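The values are calculated or read from the model by the stated rules, or taken from the named source; none is laboratory data. All values reported here derive from a predicted model rather than from experimental measurement. All Cβ positions, glycine included, derive from the backbone under ideal geometry; neighbour counts span all protein chains shown.
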Amino acid sequence: MAKRIDVSDLNIYYGNFLAVENVNVSIEPRSITALIGPSGCGKSTFLRSINRMHEVIPGGRVEGKIVMDGQDLYGADVDPVDVRRQIGMVFQRPNPFPTMSIYENVAAGIRLNNKRMRKSDLDDLVERSLRGANLWNEVKDRLNRPGAGLSGGQQQRLCIARAIAVEPDVLLMDEPASALDPISTLAIEDLMADLKERFTIVIVTHNMQQAARVSEQTGFFNLSGVGQPGRLIEFNPTEKIFSNPDQKATEDYISGRFG
Amino acid sequence: MSQTSTAPAPTGSSAPAPRRGERARRLPNWSPWAVFLGAAAVVGVLWPVFDLNIALFVLYTVVLGTLAVYLLTRTVEGPRRATDRLVTCLVVSAFGLAMVPLVSLVWEVVSRGAARLDGEFFNSSLVGIVGEGGGAYHAIMGTLIITALTTLISVPIGLMTAIFLVEYARGRLKRAITFLVDVMTGIPSIVAGLFAYALFAIFFGPGIRLGVMGAIALSVLMIPVVVRSAEEVLKLVPNELREASYALGVPKWRTIVKVVIPTSIAGLGTGVTLAIARVVGETAPLLITLGITNATNLDAFDGRMATLPVYAYYQLTQPGVPPQFATDRAWTAALVLIILVMGLNVVARLISRFFAPKTGR
């Protein structure tokens, strides 16, 4: 159940510090949207504001609107915990729960939320999620082994399986392949291409080839100087961004003439 | 969109070329030992002359040996290796010095306490005992009951305080609580005892002696230790795990209960066990709050109870006539206490080994 996300006039603050300024963007369902830009320009902050994860950091707050299929994510009566149930997230470093087995890691979203589920249904869900993350064939014989014993790339796919097991509408990925080798990266990218049939995917990446390979839409973030807020410079179809961008700054960044 | 950058031109290797020809002269590995043996022999010869005792003999041997090793190495191998040897000697001597009280204490307690480490000591109390025989069954049970009660009070309070400090508190409140916990760590144990006594004296009048009073006094000492160790352990849980849990739509409190605590359970268990070991041998607060008794009292809410440290204290200070039997019992009580603490430390190690997250490799 992929959903559309509309962001309007979004300002993101940490305390009194304005981190990201005036973002207006529409993220299409069943597509991959890539966010690129230099370090510290607010891509990750913007990504985390979509599922209200930036509120975990003390002082994190927003002004403006993020609307997902008509539902205001920052409405007064909206519980951030509910938002995060609908918008899953994969992090830069693979972070499986060290105390849990592979099976329990995938089932974590169900088990930790104390949802009752029949054992056979849970087995099905775990298998489906692991197959969805292209990991089933590698781990099906050792589901009860600790998740921390897998390789880095496998751990990251385990985290993806864990995120899709709760069946979110949107999947946010914060540099999901930056800690991985090229083979594992390819596996993750192939997986994203499969997953976009079912989810709206937003990915932050420093690897522009990756953005060009996997995404339909690309947003370029930049900041004018240290201490200045980051802003969304350009948001266009990926082909246009990488061949004929509207903004000079985008072209400079993409062609490596940045800074 | 190329991201390649020009690689820096390879610079010349900066590693110094090994000097040829002059191969450094080296002393054989056994030479320091030989020097120390020699020093011991020299000092041994001088023993009758200067009327030494064993402590002075060791001291002179170490000083003489260290000096000799330093000078010998300096003349043969040069100043850098000489300094290395000198510091090695100093470190080993410091280690030896630190071991002296430990080994001598254990040796003394074992040699004196082993005599009465028999079945009767664990099976009988002191009721009707004048002189020989008798045991510390009542004191052992008292210590176990009081310690269990203390743990029951301290661990929930301490753990929850630590969780509050790490997961919820921030700013001024957090600093205030941390400061107060630090102050509590430094409270002299007798003050904790007087606090519990004064507290109960308000309700039950002066002269009150209850097991639970002792447990409360010990809790005052144990809570800060639990808080500090649990706080350190909880801080070690990577934030990424909390975020992973939040991102699955798990509320904060459930993240703490099901992710943070299970991840750190080994460290928490170790900290709690060591905190227990810290309070199990406390004497002063129990002296005020529990008193002593010769009979077995297993009810912590009714009257005086005996505990091992207080038992040892009274056996030693009020031994009766002849004093030998009571003194023996005191040493054995001390030995049992040490064994108890050692057992707790072993348990702590086992906990941290068995509950540590497994990598499966």
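Structure notes:
- Residue in segment B:307-328 that is modelled with pLDDT of 85 or more, polar (S, T, N, Q) and not in a helix (DSSP H, G or I) present: yes
- All conditions in (1) within 18 Å of the chain's Cα centre (by Cα); (2) hydroxyl-bearing (Ser, Thr, Tyr); (3) modelled with pLDDT of 90 or more; (4) not in a strand (DSSP E or B) hold for residue A:39, with the sole exception of (3).
- Subset tally (residues that are within 9 Å of another protein chain (Cβ to nearest Cβ), assigned to a loop (DSSP other than H, G, I, E, B) and in contact with a helix residue (DSSP H, G or I) (Cβ under 7 Å, 6 or more places away or on another chain)) for segment B:235-254: 3
Condition check ((1) assigned to a helix (DSSP H, G or I); (2) out of contact with any Asp or Glu (no Cβ under 8 Å at 6 or more places or on another chain)) across all residues:
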residue: B:256; (1), (2): yes, no
residue: B:260; (1), (2): yes, no
residue: B:274; (1), (2): yes, yes
residue: B:282; (1), (2): no, yes
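- Here A:230, A:256 are screened, and the one residue that is farther than 17 Å from residue A:27 by Cβ and either in contact with an Asp or Glu (Cβ under 6 Å, 6 or more places away or on another chain) or within 14 Å of chain B (Cβ to nearest Cβ) (or both) is A:256.
- Filtering B:288, B:338 for residues that are away from chain A (no Cβ under 14 Å), closer than 24 Å to residue B:352 by Cα and out of contact with any Ser or Thr (no Cβ under 9 Å at 6 or more places or on another chain) leaves a single hit, B:338.
Yes/no per residue for (1) of a type in the set (A, V, I, L, M); (2) assigned to a helix (DSSP H, G or I); (3) touching a strand residue (DSSP E or B) at 6+ places or on another chain (Cβ under 6 Å):
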| site | (1), (2), (3) |
| --- | --- |
| A:115 | no, no, no |
| A:122 | yes, yes, no |
| A:126 | yes, yes, no |
| A:129 | no, yes, no |
| A:138 | no, yes, no |
| A:141 | no, no, no |
| A:148 | yes, yes, no |
| A:153 | no, yes, no |
| A:160 | yes, yes, yes |
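- Of the residues making up segment B:297-315, at least one is crowded, with 20+ Cβ neighbours inside 10 Å, in contact (Cβ under 8 Å) with a residue 12 or more places away in the chain, touching a Leu at 6+ places or on another chain (Cβ under 7 Å) and among the β-branched types (Val, Ile, Thr).
- Of the criteria (1) part of a helix (DSSP H, G or I); (2) modelled with pLDDT under 90; (3) within 12 Å of chain B (Cβ to nearest Cβ), which one residue A:92 fails: (1)
- Qualifying residue in segment B:164-174 (condition: in the same structural domain as residue B:212 (by TED's automatic domain parsing) and buried (at least 21 other Cβ atoms within 10 Å of the Cβ)): yes
- Any hit, segment B:334-354, residues being of a type in the set (S, T, N, Q), closer than 30 Å to residue A:146 by Cα and either within 21 Å of the chain's Cα centre (by Cα) or outside the structural domain of residue B:127 (by TED's automatic domain parsing) (or both): yes
- Checking each residue in segment A:67-89 for being buried (at least 21 other Cβ atoms within 10 Å of the Cβ), in a strand (DSSP E or B) and more than 9 Å from every other protein chain (Cβ to nearest Cβ) picks out only A:68.
- Check on residue B:353, under 27 Å from residue A:155 (Cβ atoms) and away from chain A (no Cβ under 14 Å): yes
- Test: residue in segment B:153-173 that is touching a residue at least 24 places away in the same chain (Cβ under 8 Å), outside any helix (DSSP H, G or I) and on the phi < 0 side of the Ramachandran plot: no
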